[in-house]
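Bear in mind these aren't lab numbers, they're just calculated from the coordinates by the rules spelled out. If you're wondering where the values come from, they're calculated on a predicted model, not measured in any experiment. A quick note on method: Cβ atoms are made from the backbone with ideal geometry, for glycine too, and the neighbour counts reach across all protein chains shown.
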Amino acid sequence: MNTLLLEQAKVLAIDEQIELVEAIWDGIVSRNAVPPLTEVQKAELDRRLADHLANPDDVVSWDEVKAAALAKIR
């Protein structure tokens, strides 16, 4: 990482830092850039897939998940 750029960004006002982050993020998105998965992330995805294949009926519908989340924040 370019520490000089980071130090320059740190002295910006918060709203300017947010604008910078948004501009950087928009640039990443416009290039369709996808960061590679870490080994830990790959292992977790493999674990979840194996669990799903072993227990295909052990699922919760989106409606149930949404209702539970909304109930929690109310």
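Among the trypsin sites (Lys or Arg not before Pro) in segment 1-52, which ones are in a DSSP loop with at most 10 other Cβ atoms within 10 Å of the Cβ? Mind listing them? Sparse-neighbourhood loop trypsin sites (Lys or Arg not before Pro): Arg31.
Screening the chain for DSSP H helices whose Cα atoms reach 15 Å or more along their own axis and whose mean Kyte hydropathy is at least -0.5 gives 14-30, 62-73.
Going through (i) 1.78; (ii) 1.01; (iii) 1.71, the figure that equals Cα Rg over 2.2 N^0.38 Å as computed for the structure here is (i).
Once both labels are positioned 7 Å from their Cα atoms along Cα-to-Cβ, the gap between Lys42 and Trp25 label points is 2.8 nm.
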